[in-house]
Each structure stands twice: as structure tokens, then as C-alpha cells.
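Read the structure below first, then the notes.
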Amino acid sequence: MRTRKIILVPSVLIFFQQYAVAQGIDQDKLIRMRDSLDNLLIVNPTTSAILVKQHELELYSFNSLLNNTKFNNKQRNSTNFDGKQILFNSTFQINYGVSRNKRINMGIDLNYRAYRYDANEGSPATSIFKNDAQNTGAFTYAGLRVRLQPFKRMYNFTYQSNIWLPVASAENQTSLNASKVNWGNTFFYYKYFQNKIGLFTQANFTIALPGANSEAHAKTEMYIPLNATLSYVANRKNILFGSLSYSWITTDISKTFEGGDSDFAQFSIGYQRVLTRNFFVMLNYTGTLMSRNYGTWNGLNIGIRYLY
């Protein structure tokens, strides 16, 4: 198994090079298309924003199955490429209430990621789960997180900070673009209107620093995603929601104003089912509205929360 994975990365890059020559797309652009899967981890609302009571334990799992067949250049013009990129990403969180007043929670995160470049554009997204040499998968990050209510009288405003450390083998850190140390900061705010309509906003600021297994020319990256979600509470068990997000990314802070940045906007439409007081399941579809210097990813997300 290990030998097969060693061969995978060079073979994928050679494949990219062949199509770069055939279609006039520069190799750096194709590599960015491969690496853009890392950005999806940051920009999707993959975390719970709930503060639990003292000694309560929250288990939260967010799972994404996404695919991409196009890349938009700096002028936002679409550039097709043969084949399909497929990404499966799963984040599992354990959140524990440590304060009597429900204002401070501590937790740990664990992330699993799998990636596939398939020469067949018609290949189903579920191909990512096949046991073959085109797929690479590993537990990529583990980290610590603190979530708190910074202002006593603002119960609907939450701040979260986390540190993610790469834990995959050096080989998989390279092939999955998961070699950097991530420091993330998230601000959550929500408000309900007449108990039926809810507005949820989320702002992120994340810096990714080169790690021990990063390439020699690796640079510090920065991500700033913004998200707004409108929900409708049909009844105590069923919630419908839609969201819009905008994300700005630079893969090299030193060249932010020299064309080294990207941005894109996405939408999501979803449904949440409250099965019990302590257990819910969420399903949504995510699509790309526009992108610059970035791919046009779309797919399904499933979230599961259990309070113990």
C-alpha cells in the first residue's frame, strides 16, 4: 500500500502536465486546482457554534463529498480541463463545557481527508471510496479548540479559536496538501425573529504556516471566509435553511497585491431534522456562484450532532 501511494503523486502531476500542454493551461494553475481542496476545509461552516453547559459533552461530525470539473482564471473566465477532482472531507469534534455559566467550552478536532483526480469526467463522486491507486486518504489534522462567550450580556455572540497540527505521514501531507499548521479564529452571531426566522452569521480568519514537512518554497497562507445563513423553523422537528458565503484567499501573503490571491462565492440549501432534544442531523447541497483564480466545487454535506 505504501509503495502505491508513493507512485501516485508524481503520476498525477505528470498527468496534469500532459493536459497543460494540450490545452494551454500552465502547470502552476493545475497544481493550484489540486491544492484548492485544502481551502474548502476552511471555508465551509464545518463547526458547531453551540456552547454546552458545564460537564456536558457535544459530539459533532461534518462530512463533505465535493467535486470539480472547471477552473476560473484571474479574469473569471472558465477553463475546462479533462477529468474530475473529487474530495471527501470529514471533521469530528468533541466539545466539553468547563464553566458554570456556560461561557467557556474546550474541545479537540480530528480531520480525515481523501482526494481523487479521475481522468473520466463522468466518474461518480462515490469513486473516492474505491480501494484503488487513484485515491489518497489519511487522517490529516488534529487540534485543540476553545469556544467562548466573550461578553456576558451578549449570549448570541460566540468566539472560537483553534490550532490544527498536521498528523499524516510526510508522503500524505504532500499529496493531500496538509502539511501546514493552521491557526483559525471564528466569530458567530445569531438572532431569531418571531421564533420562526433565524439569521446566523459567521466570519473566519485563518493563517496557515509552513510545517516541518512543507515544501522548501512553501509560503504562509491566509483565508477570510464570510457566511450568512437564513433559517425557517417549520416546527420543533424540522428546519429549512439557505446560506451565502464569500471567501478571499491568498496562498502567499507576501504576494497578496501581486495577483497571488483568489476569491469565490458559494450558496447552500439545506434541511435539518431534530430527532431528539440531544440529537440532530443536517443535510445540504453546496454550489459555486462565481470564482476567480479558483475551481467551481459543488456537492453534498452531512452534519450530525449528539449532546451527552
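The values are calculated or read from the model by the stated rules, or taken from the named source; none is laboratory data. Every value quoted in this text rests on a predicted model; they were computed, and no experiment measured them. Cβ: placed from backbone, ideal geometry, glycine included. Neighbour counts: every protein chain shown.
If you go through the stretch 137-183, how many residues are among the aliphatic types (A, V, I, L, M), in a loop (DSSP other than H, G, I, E, B) and over 24 Å from GLN85 (Cα atoms)?
Initial filter on the stretch 137-183 (among the aliphatic types (A, V, I, L, M)): 138, 142, 144, 146, 148, 154, 163, 165, 167-168, 170, 176, 178, 181.
Now drop any that are not in a loop (DSSP other than H, G, I, E, B), which leaves 154, 167-168, 176, 178.
Okay, now just the ones that are also over 24 Å from GLN85 (Cα atoms), so 154.
Matching residues across the stretch 137-183 total 1.
Go over the candidates THR136, THR140, THR186 one by one and state the one that is within 23 Å of ILE302 (Cα to Cα), buried (at least 20 other Cβ atoms within 10 Å of the Cβ), of a type in the set (Val, Ile, Thr) and modelled with pLDDT of 95 or more. Spell out how you get there, then give the answer.
Values: THR136 fails: modelled with pLDDT of 95 or more; THR186 fails: modelled with pLDDT of 95 or more.
Answer to the selection: THR140.
When you check LEU110 against the structure, is it in contact with a Leu (Cβ under 7 Å, 6 or more places away or on another chain), of a type outside the set (Phe, Trp, Tyr), touching a residue at least 24 places away in the same chain (Cβ under 8 Å) and closer than 26 Å to VAL281 by Cβ, yes or no? Before the answer, list the steps.
On the way: in contact with a Leu (Cβ under 7 Å, 6 or more places away or on another chain): no; of a type outside the set (Phe, Trp, Tyr): yes; touching a residue at least 24 places away in the same chain (Cβ under 8 Å): yes; closer than 26 Å to VAL281 by Cβ: yes.
Considered against the rule, which asks whether it is in contact with a Leu (Cβ under 7 Å, 6 or more places away or on another chain), of a type outside the set (Phe, Trp, Tyr), touching a residue at least 24 places away in the same chain (Cβ under 8 Å) and closer than 26 Å to VAL281 by Cβ, LEU110 comes out as no.
Among (1) out of contact with any Asp or Glu (no Cβ under 9 Å at 6 or more places or on another chain); (2) at pLDDT 90 or above; (3) more than 21 Å from ARG76 (Cα to Cα); (4) among the polar types (S, T, N, Q), which single condition is THR206 missing?
(1)
Checking THR140 against (1) more than 28 Å from SER268 (Cα to Cα); (2) free of Cβ contacts under 8 Å to residues at least 40 places away in the same chain: exactly one of these is not met. Which one?
The one condition THR140 does not meet is (1).
If you go through the stretch 184-199 one residue at a time, do you hit one that is touching a Pro at 6+ places or on another chain (Cβ under 9 Å), farther than 19 Å from GLN160 by Cα, in a loop (DSSP other than H, G, I, E, B) and touching a residue at least 12 places away in the same chain (Cβ under 8 Å)?
No - not one qualifying residue is present in the stretch 184-199.
What number of residues in the stretch 126-141 are aliphatic (A, V, I, L, M) and within 9 Å of TYR115 (Cβ to Cβ)? Don't jump to the end; show me each part of the working.
Our first condition is that a residue be aliphatic (A, V, I, L, M); within the stretch 126-141, this holds for 128, 133, 138.
Applying the additional criterion that residues be within 9 Å of TYR115 (Cβ to Cβ) yields 128.
The number of residues fulfilling the criteria is 1.
Between ALA228, ALA234, ALA208, ALA265, which is small (Gly, Ala, Ser) and loosely packed, with under 14 Cβ neighbours inside 10 Å? Outline the logic, then answer.
On the way: ALA228 fails: loosely packed, with under 14 Cβ neighbours inside 10 Å; ALA208 fails: loosely packed, with under 14 Cβ neighbours inside 10 Å; ALA265 fails: loosely packed, with under 14 Cβ neighbours inside 10 Å.
It is ALA234.
Just to be sure I understand, how many residues within the stretch 143-160 are hydrophobic (A, V, I, L, M, F, W, C) and surrounded by 20 or more Cβ atoms within 10 Å (Cβ to Cβ)?
Step one: list which residues in the stretch 143-160 are hydrophobic (A, V, I, L, M, F, W, C), which gives 144, 146, 148, 151, 154, 157.
Still in the list and also surrounded by 20 or more Cβ atoms within 10 Å (Cβ to Cβ): none.
Counting residues in the stretch 143-160 that are hydrophobic (A, V, I, L, M, F, W, C) and surrounded by 20 or more Cβ atoms within 10 Å (Cβ to Cβ) gives 0.
List every residue pair whose Cβ atoms lie under 7 Å apart, where the two residues are 6 or more positions apart in sequence or sit on different chains, the first residue falls within the stretch 89-103 and is farther than 18 Å from LEU176 by Cα, and the second residue, located anywhere, is among the hydroxyl-bearing types (Ser, Thr, Tyr) and part of a loop (DSSP other than H, G, I, E, B).
GLN93/THR47; GLN93/SER48; ASN95/SER48
I'd like to know if the stretch 116-136 contains one or more residues that are out of contact with any Lys or Arg (no Cβ under 9 Å at 6 or more places or on another chain) and assigned to a strand (DSSP E or B).
no
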